[in-house]
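The values are calculated or read from the model by the stated rules, or taken from the named source; none is laboratory data. These figures come from a predicted structure and were not determined experimentally. Positions of Cβ are backbone-derived with ideal geometry, glycine not excepted, and every protein chain shown enters the neighbour counts. The protein model used for the area step is the full one, side chains on, heavy atoms only, and it has no ligands, DNA or RNA in it. Shrake-Rupley method; radii C 1.70, N 1.55, O 1.52, S 1.80 Å.
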Amino acid sequence: MTVRQVLKMGHPLLLQTAAPVVRWDDPDLEALVVDLWDTLAVTGGVGLAAPQIGVSLQVVVFGFDRSARYPDAPPVPRTVLVNPEILPLADSSGPPQEESGWEGCLSVPGLRGWVPRWRRILYRGRDASGRWLEREAEGFHARLVQHECDHLIGRLYPTRMADLTRLGFVSELFPDLEDTAAVAAR
Ligand code: NI
């Protein structure tokens, strides 16, 4: 079990575009995925991208049954997503809709922001073995995928916010969450 240090906002690697994975069944790739899951488990986060642990490759992991950091969020399947692509989807007819919600990030510890995202998306890419993966998602699941994939193009959620007055500390915004989040958000 290898828990890696999570880079924080201000580290230049978090602003880079990550390189696509081109080799499959690669022991280095498998080790990276194990480290991402181990690090995620210890931090109590719901998703983690390779650049956050200092590896500039297009690899993210996400998913949980229940999260202390996001107690109201429905479960999201535990997923490894490599070389992802995201397409916004419309609800019915008409253009895709945005929806705002609270987000945090292990690279921006202690803070939450109110961030607009596509409400429904199709995401696709490969798993760690190179198998094709394609899913539709909405709500928190869609938000989580968009957040993690943003790490692969050097974007952190504050740069997606429309109103920076809605950026604040968890301890002020969600005092009831503080007991668990103070541990989890470190
Ligand atoms: Ni993040």
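Does the range 27-46 contain any residue that is within 16 Å of the ligand (Cβ to nearest atom), buried (at least 17 other Cβ atoms within 10 Å of the Cβ) and on the phi > 0 side of the Ramachandran plot?
Yes; the residues of the range 27-46 include at least one that is within 16 Å of the ligand (Cβ to nearest atom), buried (at least 17 other Cβ atoms within 10 Å of the Cβ) and on the phi > 0 side of the Ramachandran plot.
Quick one: count up the residues across the range 73-87 that are of a type in the set (Val, Ile, Thr) and open to solvent by 40 Å² or more (accessible area, probe 1.4 Å).
1
If you go through the range 141-171, how many residues are in a helix (DSSP H, G or I), among the hydrophobic types (A, V, I, L, M, F, W, C) and open to solvent by 40 Å² or more (accessible area, probe 1.4 Å)?
Initial filter on the range 141-171 (in a helix (DSSP H, G or I)): 141-153, 157-160, 164-166, 170-171.
Still in the list and also among the hydrophobic types (A, V, I, L, M, F, W, C): 142, 144-145, 149, 152-153, 164, 170.
Checking which are open to solvent by 40 Å² or more (accessible area, probe 1.4 Å) leaves us with 153, 164.
The total comes to 2.
Which members of the range 52-104 meet the condition of being of a type in the set (Asp, Glu) and over 16 Å from residue 138 (Cα atoms)? Give the derivation first.
So the first thing to find is which residues in the range 52-104 are of a type in the set (Asp, Glu), and the list is 65, 72, 85, 91, 98-99, 103.
Result: 65, single match.
Going by what's in this entry, would residue 120 be described as touching an Asp or Glu at 6+ places or on another chain (Cβ under 6 Å) and either within 22 Å of residue 65 (Cα to Cα) or not hydrophobic (A, V, I, L, M, F, W, C) (or both)?
Details: touching an Asp or Glu at 6+ places or on another chain (Cβ under 6 Å): yes; either within 22 Å of residue 65 (Cα to Cα) or not hydrophobic (A, V, I, L, M, F, W, C) (or both): yes.
Yes; evaluated as a whole, the condition is true for this residue.
Of the numbered conditions (1) closer than 13 Å to residue 148 by Cα; (2) part of a loop (DSSP other than H, G, I, E, B), residue 72 fails exactly one; give the number of that condition.
Residue 72 satisfies every listed condition except (1).
What residue, among those in the range 116-143 that are in contact with a Gly (Cβ under 9 Å, 6 or more places away or on another chain), under 29 Å from residue 32 (Cβ atoms) and without any contact (Cβ under 8 Å) to a residue 40 or more places away in the chain, is farthest from the ligand (Cβ to nearest atom)?
Restricting to residues being in contact with a Gly (Cβ under 9 Å, 6 or more places away or on another chain), under 29 Å from residue 32 (Cβ atoms) and without any contact (Cβ under 8 Å) to a residue 40 or more places away in the chain, the top hit is 132.
State which residue is farthest from the chain's Cα centre (by Cα) when the search covers only the range 153-166 and only residues that are under 23 Å from residue 51 (Cα atoms) and touching a residue at least 40 places away in the same chain (Cβ under 8 Å). Can you show your working first?
First, pick out the residues of the range 153-166 that are under 23 Å from residue 51 (Cα atoms): 153-161.
Those left that are additionally touching a residue at least 40 places away in the same chain (Cβ under 8 Å): 153-154, 156-158, 160-161.
Values: 153: 12, 154: 12, 156: 10, 157: 10, 158: 13, 160: 14, 161: 16 Å.
Residue satisfying both the conditions and the ranking: 161.
Among the residues of the range 86-115, which ones are closer than 14 Å to residue 162 by Cβ and within 16 Å of the ligand (Cβ to nearest atom)?
Residues of the range 86-115 that are closer than 14 Å to residue 162 by Cβ, as a first pass: 98-103, 113-115.
Within the range 86-115, 101, 102, 103, 113, 114, 115 qualify.
Somewhere in the range 104-118, is a residue under 13 Å from the mean Cα position of the chain (by Cα) and open to solvent by 30 Å² or more (accessible area, probe 1.4 Å)?
no
Hey, does the range 5-23 have a residue that's open to solvent by 30 Å² or more (accessible area, probe 1.4 Å), touching a helix residue (DSSP H, G or I) at 6+ places or on another chain (Cβ under 6 Å) and free of Cβ contacts under 8 Å to residues at least 40 places away in the same chain?
For the range 5-23, residues open to solvent by 30 Å² or more (accessible area, probe 1.4 Å), touching a helix residue (DSSP H, G or I) at 6+ places or on another chain (Cβ under 6 Å) and free of Cβ contacts under 8 Å to residues at least 40 places away in the same chain: absent.
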